[in-house]
2 protein chains.
Amino acid sequence: MAQKPSIPKGTRDFGQQEMAERNYIFDTIRSVFKTYGYQQIETPSIENLSTLLGKYGDEGDKLLFRILNSGDAFSGIDYGQYRLEGDSYNSKALSLKVCEKGLRYDLTVPFARYVVQHQNEISFPFKRFQIQPVWRADRPQKGRYREFYQCDVDVIGSRSQVNELELVQMVDRVFSLLGIRVLIKINNRKVLTGFAEICGFPDRVVDITVAIDKLDKIGLEKVEEEMMEKGLTAEAVAVLRPILQLTGSTEEKLALMRGIMNGGSPSGIVSETGMKGLDELEELFGLIGAAGISHPVEIDLSLARGLNYYTGAIFEVKALDFPIGSICGGGRYDNLTGIFGLPDMSGVGISFGADRIYDVLKGLDKFPADLSRSTRVLFAVMGKEELRYSLSPAKALREAGISVEVFPDAGKLKKQFDYATKKNIPFISINGSEEIAAGTLNFKNLQTGEQKAFSKEDLDGILAFLA
Amino acid sequence: MAQKPSIPKGTRDFGQQEMAERNYIFDTIRSVFKTYGYQQIETPSIENLSTLLGKYGDEGDKLLFRILNSGDAFSGIDYGQYRLEGDSYNSKALSLKVCEKGLRYDLTVPFARYVVQHQNEISFPFKRFQIQPVWRADRPQKGRYREFYQCDVDVIGSRSQVNELELVQMVDRVFSLLGIRVLIKINNRKVLTGFAEICGFPDRVVDITVAIDKLDKIGLEKVEEEMMEKGLTAEAVAVLRPILQLTGSTEEKLALMRGIMNGGSPSGIVSETGMKGLDELEELFGLIGAAGISHPVEIDLSLARGLNYYTGAIFEVKALDFPIGSICGGGRYDNLTGIFGLPDMSGVGISFGADRIYDVLKGLDKFPADLSRSTRVLFAVMGKEELRYSLSPAKALREAGISVEVFPDAGKLKKQFDYATKKNIPFISINGSEEIAAGTLNFKNLQTGEQKAFSKEDLDGILAFLA
């Protein structure tokens, strides 16, 4: 009995069309990374679980795909020891007994591992990019896959804001090339820390950021209520009020925040960290102004991405013409490699969300029209002699870079025309005994109907007709 | 305590240099596949175990990497039932309880699954290629990895020898482009079947092929002895003798075999299958002659690759100037998709061994010299003003496709020169207050020492200097 073929939930097959579209995105991003001197690396799909566990929180640990040890994985274990009650067992503990390896969960932890492992071969600052699939045992749903590509670019070993600038420039360039209008939003973790400090609740960074994020939806009054429900005092809320009401140009925003951060708030508290964050933002926006950016860039204090690990700049990119979440994001981290024994390495990076960028390009119909075309000419053949006659011009055209097919099963032309139509092949060449005798080749443009005969040797003429 | 970072045995990190070299191989192969109208697809790394199990024999089943079910994988199992003796358990049976998915073991079975699953979207003959990693829980050793790329090209849905021809042409072109001299060896499973039939031992195809393969090493006499030890009669060996002594041109070999196969051997047996195989070989060599091939192509009756599943042509490619096994191989199969419910689909394909091709190119020093270079110009910067001054020319050069780095940490030049040297960056641009005042840019060729100043606006002049 034949099996009905299927693939696991949350995974995908990519056919020719999707491959061409996805490669277009990756090639565009890759070409930009390269012009900035970033080097491509690849790490194994399989990492030791000791490398992965504990790096993504308890939730992340649960989402790791674990690989069963090969050989006799299940012997030598006292299962009774792992029994909880009835036929329920401690799966977490047992999985550690039978699995030593897991699939890559993201590209960041393998990158940190790579930097530490190869630190003696690397010239710092190390600028790398990596485009590879990652796997997460998440519940599959629309737009969320268990296997998907990440596309990360990071520089490690430099604290300069020039690195942040380059990331912004690369984002700017990628989306210009792809034809997607975006808004680049920038925040800084140190500034958020500063707000928490000057309002007297230094451990409430997340609550404060989440509240700021709701401002557009629920308004100032409700946000302040919420902050008080979460335990902030009326005084603290008063300190934060001007930040919630922040408007104006980036320069105006920076100046206003600087005044507040520097002891000008009702609390009178000065936050050194906050001032450092404002310095960073100011330097970055200065560089962005000097470099010139095509897309709008703005400070967005509500950006709460990666608050647990980012220590400086936080980035997020939104498509302006298509309703989808962030299509790109990242930030600066100060101790990524510490866990693997290399402390004090500051880095900054961003990740391009290939699947969402794909959806935006599809939704806006921005993929180039000719991506779907692969074969340019089909030699349709009626018999063995015609087939042989087509081999040499087919070869010459291929060596000139043209994609050519010779229909393998000589015979009725209708089938061959249907094949050309289905595959969207724009030119067909049919040559019978007459052409063979004359040493000519006949090409037909299937879109315009135009037809032309060439001498077999006139490769230039043929190439011009097919162009 | 920091972990010492490592990766699992049999897996690899690829740095910039290796990535550039590997991409060169893949890009070359891909470009050739495309000129023949083959379409790229990708399938998920994770397949259902039901798709994979039983397709690679018992040995293959053992080499599958299995993925632990997520969630509470170990509960609901009566472990006592799987106990063999002591603390030894039936790992094979238990692994089926806790694992439903596995990692792709090759690209052939996922391709068959893909064809059946998407048969209604596909135009046949379906020409596809696929370049993706596969995983095998093999014992790692030199040159054998647990994660490695396969690079497969197949056409399914046509029995024409034109498909075989195209595979030979693509092999020919790929190795011409890579600069590797190869010998392309072709066999045919039906011919081997024919030999077994005419000598009266139709079920001894493998023994006979293995014996032919030893001819070069141990000589005719020993090979005949071995065949008789394996149970072939003296009469059978006499039938095979002229085949073992086969010499001459391909035409001569074909003619001689045709005579023997057509009842001309001492047994007088005619093998229809063998005759069909000779027809196929003759047609293929005729097409190869008509198309013109740069590398030598020969019949090799000892080719025993894939005797279990190939039904027609068998291919193998050897590097002529480097001692390594086959660098490319494949063949025709008649029922690949049958197991998934689509019978009578004949296909033929070959697989390029990327790791071995890499070793040959390394060993023969045939990688292009400029692969290792990524960044073309480094803007070395002494201070903030110089840094800002470099941003606009850096941007312009990048948009012209040149790979440019601006050293992010303005300061001492020695560190920046060292960085350029270590990264093999050929040009450096250093601009101080003088250049800024004059609006000029200074470029130095680090190899020749040549130095030249350009107006900031003279992009063409700068590009010519950097070319």
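Couple of notes before you dig in:
- Remark: spin-label model distance B:THR233-A:GLN17 equals 6.2 nm, labels positioned 7 Å along the Cα→Cβ axis.
- For A:SER326, inter-copy label distances in nm, listed shortest first [label point 7 Å out on the Cα-Cβ vector]: 5.0
- Placed amide H near A:SER346: partners under 5 Å, 5+ positions off or other chain: A:GLY157, A:SER158
- Gap separating the Cα centres of the range B:192-271 and the range A:199-234, nearest whole Å: 87 Å
- Each Lys or Arg adds one and each Asp or Glu takes one away; over the other residues whose Cβ falls under 14 Å from the Cβ of A:SER265, this sums to 0.
- Relative to the longest principal axis of the Cα atoms of chain A, the long axis of helix A:250-261 lies at roughly 30 degrees.
- Crossing angle, helix B:205-229 versus chain B [Cα axis fit, 0-90 degrees, rounded to tens]: 80 degrees
- Residues whose amide H comes within less than 5 Å of that of A:GLN132, counting only those at least five positions distant or on another chain, are A:GLN150, A:ASP152 (H built at 1.01 Å from N in the peptide plane).
- Scanning chain A for the beta carbon that comes closest to the axis linking it by rotation to B yields A:TYR79, 2, distance in whole angstrom.
- Residues of the range B:367-401 with an amide N closer than 19 Å to a point placed 7 Å from the Cα of B:GLN451 along the Cα-to-Cβ direction: B:377-383, B:386-387, B:390.
- Once B binds A, the 1.4 Å probe can no longer reach about 9100 Å² of accessible area, counting both sides.
- When you restrict to C-alpha pairs under 8 Å that are six or more residues apart and normalise by the size of chain B, the relative contact order lands at 15 percent.
- Against the main long axis of the alpha-carbon atoms of chain B, helix B:272-291 sits at an angle near 30°.
- 3J(HN,Hα) along the range B:375-382, derived from phi through the Karplus expression 6.51 cos²θ - 1.76 cosθ + 1.60 where θ = phi - 60°, amounts to 7, 9, 10, 10, 7, 8, 10, 8 Hz, with x in place of Gly and Pro.
- Here the accessible area is traced with a 1.4 Å probe on the protein chains. For the range B:182-320, carbon and sulfur cover 50 percent of it.
- Once the Cα-Cα distance is subtracted from the 0.36 nm per residue extended length, the B:VAL206 to B:LEU459 segment shows a gain of 84.4 nm.
- In range of the label at B:ASP27: residues from the range B:391-434 whose backbone nitrogen is under 16 Å from the point 7 Å along Cα→Cβ: B:401-404
- Pseudo-label separations to other copies for B:ALA290 - Cα-to-Cβ vector, 7 Å, nm: 6.8
- Inter-chain Cβ neighbour average for residues B:40-52, partner chain, 10 Å: 6
- A simple count of charges around A:GLY439, restricted to other residues whose Cβ falls under 11 Å of its Cβ and scoring Lys, Arg +1 and Asp, Glu -1, yields -3.
- One chain, two ends: A:ASP78 and A:ALA467. Fully extended at 0.36 nm per residue, the span grows by 133.0 nm beyond their Cα-Cα distance.
- From phi via Karplus (6.51, -1.76, 1.60), per-residue ³J(HN,Hα) for the range B:22-33 in Hz, x at Gly/Pro: 5, 4, 4, 5, 5, 5, 4, 4, 4, 5, 5, 3
- Solvent-accessible area of A:VAL32 with every protein chain in place, 1.4 Å probe, in Å² to the nearest 10: 0 Å²
- The HN-Hα couplings worked out from phi for the range A:430-435 by the Karplus form 6.51 cos²θ - 1.76 cosθ + 1.60 (θ = phi - 60°) are 10, 10, x, 4, 4, 4 Hz, whole numbers, x standing for Gly and Pro.
- Gap separating the Cα centres of the range A:125-140 and the range A:382-401, nearest whole Å: 44 Å
- 5 angstrom amide H check on B:GLN40, placed H, neighbours 5+ away: B:PHE129
- Copies compared at A:PRO343 - label distances in nm, ascending, label defined 7 Å from Cα in the Cβ direction: 7.1
The values are calculated or read from the model by the stated rules, or taken from the named source; none is laboratory data. Owing to the predicted nature of the structure, the values given are computational and were not obtained by experimental measurement. Reconstructed Cβ throughout: ideal geometry from the backbone, glycine too, with neighbour counts over all protein chains shown. Just the protein is used for accessible areas: all its heavy atoms, side chains included, with ligands, DNA and RNA removed. Shrake-Rupley method; radii C 1.70, N 1.55, O 1.52, S 1.80 Å.
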